[in-house]
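Student: Take a look at the following structure, please.
The values are calculated or read from the model by the stated rules, or taken from the named source; none is laboratory data. Please read all numbers here as calculations on a predicted model, not as lab measurements. All Cβ positions, even for glycine, are placed from backbone atoms using ideal geometry, and neighbour counts span all protein chains on display. Surface areas here come from the heavy atoms of the whole protein model, side chains and all, with no ligands, DNA or RNA. Shrake-Rupley method; radii C 1.70, N 1.55, O 1.52, S 1.80 Å.
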Amino acid sequence: KKDIINLSHFFFFQAEDGIRDFCLSRGLGDVYKRQMLEYVKQVVRQGQELSIEERNLLSVAYKNSVGSRRTAWRALCTIEQKEKSKNSQHLNLLANFKSKIEGELTKFCYDALDLIDKQLVPNANNSESKVFYLKMKGDYFRYVAEYAQGDEHGKASSGAGQAYKEATNIATKELKTTHPIRLGLALNYSVFYYEVLNEPTTACSLAKQAFDDAIADIEQLDEDQYKDSTTIMQLIRDNLTLWTSELNDEEEEDDTNVENV
């Protein structure tokens, strides 16, 4: 199996030449992302267990392709709300843009999910890899659930929940509380409860448990994982601070409403 890191440099310069030859307005980034994603998929289809570097590159390749589209979709939703309040004539145009982005997101997400189910999970030969891929599966179902409606939303939400739960069961038994993959799983699982299922209390409980467990075992933190783990712990704490503040505000509003009655 060829070294994916070395080939990434090859694709970088190929992409740069492509930009120069065809003057592609979307820039080097998109060309590079597409080429890297296609190459990583070819490596996966060889049926071998990915190295940690290849596994991370696969994750980044899909995240780059999906991340920019999720950002664009959210921006369009914000604009759409403002335009609706003005009864704008541009609503149809915005709806078409959103639909186009949703179609692209669906393509990338289900492409990743197909690869995870057919290649990555079956070929994973250790608990760390299984948790990594199952977390990834939960993430891409969650991304679909963010914009999907009706039955598709229910299917994506259910798929995310099942994947996160399975990953959590393995992580709880096999990975340290300070392991960055276990912490990342807890972070994303709690976001799923908060944003998709609209269950902020459960989200806070899950995040707090993961944070408290990691703090209790902080002396066990491996040196090579210190930066990744502490960064994720900070993200968990930031979410907890925000979510608990919002919950407290809602409780105060509820109390006020009761008093007014």
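Student: Test of understanding: express the Cα radius of gyration of segment 45-178 as a ratio to 2.2 N^0.38 Å, with N the residue count. Mind showing how you got there, number by number?
Tutor: Numbers: Rg = 17.5 Å, N = 134, 2.2 N^0.38 = 14.1 Å.
Relative to the 2.2 N^0.38 Å estimate, segment 45-178 comes out at 1.24.
Student: How much length is gained if the chain between Arg74 and Asn56 is pulled fully straight, taking 0.36 nm per residue apart and subtracting their Cα-Cα distance, in nm to one decimal? Before the final figure, lay out the partial values.
Tutor: Details: separation 18, 0.36 × 18 = 6.48 nm, distance 2.57 nm.
My answer for the length gained is 3.9 nm.
Student: State which entries of Lys98/Lys135; Lys63/Lys86; Lys84/Lys135; Lys84/Lys165; Lys130/Lys155; Lys82/Lys135 exceed 29 angstrom in Cα-Cα distance in the structure shown. Show your work: numbers first, answer last.
Tutor: On the way: Lys98/Lys135 27 Å; Lys63/Lys86 35 Å; Lys84/Lys135 36 Å; Lys84/Lys165 38 Å; Lys130/Lys155 22 Å; Lys82/Lys135 35 Å.
Beyond 29 Å between Cα atoms: Lys63/Lys86; Lys84/Lys135; Lys84/Lys165; Lys82/Lys135.
Student: Using protein chains only and a probe of 1.4 angstrom, how many square angstrom of Leu187 are accessible, to the nearest 10?
Tutor: 20 Å²
Student: On to the next question. Applying 1/(1 + (r/R0)^6) with R0 = 51 Å to the Cβ-Cβ distance of Leu91 and Gln220, what FRET efficiency is obtained, to the nearest 0.05? Working shown, then result.
Tutor: Working: r = 55 Å, r/R0 = 1.07.
The calculated FRET efficiency here is 0.40.
Student: Express the carbon and sulfur contribution to the solvent-accessible surface of segment 120-261 as a percent, rounded to the nearest whole number, probe 1.4 angstrom. Please list the in-between numbers first.
Tutor: Numbers: 3550 of 7750 Å².
Ligands and nucleic acids excluded, carbon and sulfur reach 46 percent.
Student: What span do the alpha-carbon atoms of segment 56-107 cover on each of the three principal axes, reported in whole Å from largest to smallest?
Tutor: Ordered largest first, segment 56-107 gives principal extents of 45, 16, 10 Å.
Student: Right, something else. Whole number in Å², please: accessible area per residue of segment 80-174, 1.4 Å probe, ligands, DNA and RNA not counted.
Tutor: On the way: 5060 Å² over 95 residues.
Accessible surface, normalised per residue, equals 53 Å².
Student: A further question follows. Work out from phi, with θ = phi - 60° and the Karplus expression 6.51 cos²θ - 1.76 cosθ + 1.60, the ³J(HN,Hα) of each residue of segment 159-167, listed in order in whole Hz, and give x for Gly and Pro.
Tutor: These are the phi-based 3J(HN,Hα) values: x, 5, x, 5, 5, 4, 5, 5, 5 Hz.
Student: Next question, about the same structure. Say each of Gln81 and Asn169 gets a label point 7 Å from the Cα, pointing the same way as Cα to Cβ; how far apart are those two points in nm?
Tutor: A separation of 3.7 nm, rounded to one decimal place.
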